[in-house]
Amino acid sequence: MKKMTLVLMLAAMLLLSGCARKEAPAVTGGTTTPVQTEVTAPPTAPAPTQAPTQAPTQPEESVFASLGNRYFTFSSGAGGWATELRIRPDGSFSGEYQDSDMGDSGPDYPNGTVYRCSFTGRFSQPEQVDDTCWAFTMEDIQFANPLGEELVDGRRCIYTDAYGLENTQTLYLYTPGRALADLPQAFLDWVGLHNWQTMEKTALDFYGLYNENDQTGFRSWCPYEQVLDMIDNAEAAAAELEEKVRTDGSMTQAELNENAETRYRVWDDVLNMQWRLLLDSLDQKTMDTLTREQMDWIAEKEAAADKAAEEVQGGSLSPVFYYGKAAEMTRDRVYALAEYLK
């Protein structure tokens, strides 16, 4: 349900494919103490003069902690609705569901109808079923808005439950390496693996979440991995633009200027999408520090771009030098910020 400008990517990122929920499965670049245990002696033995010290017992880490900075998405495969969920190490979770129907409009809501749900809650501590499967239940779920509807900005907003987490009894978390042959068909259908036998694939390469009672499946995605995909796409797009300059001798100065600006926009779009992921992923203290750094970087980038343009004293080539420097620095910043999402 998020966010994307340049089709470099984020529809693929969030896997927001699906038609209607009724369907069954088939800041930016801006211009830019240790525990002591008393030991009781046997009746025939003398009591010890001092209790031995026992090392504190460390609680076993929940499998939820292994999820790291991952999200889970539930969608059907060909449209604009999705439920997105994030599970934290302590079992608490938060998420959103959103869908829209621009054709469902009326005099009071000319901008169509949207379905929304923002929710928080907690899962029970998971119990291990086998090496690649854990089972748990939903202990609590709360909604930001009461179920119902209201008109907002010319739209009818219908507040619903958390699609995909309805009627929850037992949930299963599948970890990467789970044999596809051991997974429920309904789960495979929802996560796009209904024909896995033809895909030369035998095991999960992501985390999966399965609501057994409702037979709905979520698949995980990781912001860092998505940013790497975005970077790869941006590198390819920028390389194509640069190749055009090298090989097309007929380009006018206006076309060269536009080409340079487009190369900058490629990286600036990635930076903007990356910043949204950082906002969702980092704690407030880290984000506050990073925001201050980003503002300093923006000023530095603009000053460097202006200086580059001055090298041609404001001539017709100045946009090429300005945007060339801005693209170079924005690309470097994208790589630097990606490290925060690991």
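The values are calculated or read from the model by the stated rules, or taken from the named source; none is laboratory data. Note that this is a predicted model, so its numbers are computed, not measured. Ideal geometry is used to build each Cβ from the backbone, glycine not excepted, and the neighbour counts take in all protein chains shown. Side chains included, ligands, DNA and RNA excluded: accessible areas come from the protein's heavy atoms. Shrake-Rupley method; radii C 1.70, N 1.55, O 1.52, S 1.80 Å.
Take GLN226 and decide whether it is exposed (fewer than 12 other Cβ atoms within 10 Å of the Cβ), part of a helix (DSSP H, G or I) and touching a Leu at 6+ places or on another chain (Cβ under 9 Å). Show your work before the answer.
On the way: exposed (fewer than 12 other Cβ atoms within 10 Å of the Cβ): no; part of a helix (DSSP H, G or I): yes; touching a Leu at 6+ places or on another chain (Cβ under 9 Å): yes.
When the stated conditions are applied, GLN226 does not pass them.
Only one residue in ASP214, ASP161, ASP205 is in contact with an Asp or Glu (Cβ under 9 Å, 6 or more places away or on another chain), part of a loop (DSSP other than H, G, I, E, B) and either charged (D, E, K, R) or farther than 20 Å from ASP130 by Cβ (or both), so which one is that?
Matching residue, one of ASP214, ASP161, ASP205: ASP214.
Quickly run through the stretch 153-169 and pick out the residues that are over 22 Å from the mean Cα position of the chain (by Cα) and open to solvent by 40 Å² or more (accessible area, probe 1.4 Å).
ASP153, ARG155, ARG156, ASN167, GLN169
Of the residues ASN257, ASN233, which is over 28 Å from ASP131 (Cβ atoms), of a type outside the set (A, V, I, L, M), assigned to a helix (DSSP H, G or I) and open to solvent by less than 60 Å² (accessible area, probe 1.4 Å)?
Working: ASN233 fails: open to solvent by less than 60 Å² (accessible area, probe 1.4 Å).
Residue meeting the stated conditions: ASN257.
For the stretch 268-286: of the residues being open to solvent by 10 Å² or more (accessible area, probe 1.4 Å) and under 18 Å from VAL227 (Cα atoms), which is farthest from the chain's Cα centre (by Cα)?
The qualifying residue farthest from the chain's Cα centre (by Cα) is ASP268.
Please go through (1) farther than 24 Å from ALA338 by Cα; (2) assigned to a helix (DSSP H, G or I) for GLN313 and return the number of the only condition it doesn't satisfy.
Among (1) farther than 24 Å from ALA338 by Cα; (2) assigned to a helix (DSSP H, G or I), GLN313 violates only (2).
Can you tell me which of (1) closer than 23 Å to ILE231 by Cα; (2) surrounded by 14 or more Cβ atoms within 10 Å (Cβ to Cβ); (3) more than 29 Å from the chain's Cα centre (by Cα) is the one MET251 doesn't meet?
Condition not satisfied by MET251: (1).
Can you find, within the stretch 311-342, the residue that is most open to solvent (accessible area, probe 1.4 Å) among those that are farther than 20 Å from ARG263 by Cβ and in contact with a helix residue (DSSP H, G or I) (Cβ under 8 Å, 6 or more places away or on another chain)?
Initial filter on the stretch 311-342 (farther than 20 Å from ARG263 by Cβ): 313-314, 339-342.
From what is left, the residues that are in contact with a helix residue (DSSP H, G or I) (Cβ under 8 Å, 6 or more places away or on another chain) are 340-342.
Details: TYR340: 94, LEU341: 0, LYS342: 144 Å².
The residue in question is LYS342.
Which residue pairs have Cβ atoms under 6 Å apart, sit 6 or more places apart or on different chains, and have a first residue in the stretch 149-161 that is of a type in the set (Val, Ile, Thr) and a second that is not in a loop (DSSP other than H, G, I, E, B)?
Pairs found: ILE158/TYR115; ILE158/GLU149; THR160/TYR115; THR160/CYS117.
State whether one or more residues within the stretch 168-179 are at pLDDT below 95 and small (Gly, Ala, Ser).
Within the stretch 168-179, none of the residues are at pLDDT below 95 and small (Gly, Ala, Ser).
Matching residues to (1) outside any helix (DSSP H, G or I); (2) open to solvent by 70 Å² or more (accessible area, probe 1.4 Å); (3) at positive phi:
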site	(1), (2), (3)
LEU173	yes, no, no
LYS201	yes, no, no
TYR210	yes, no, no
GLU242	no, yes, no
VAL245	no, no, no
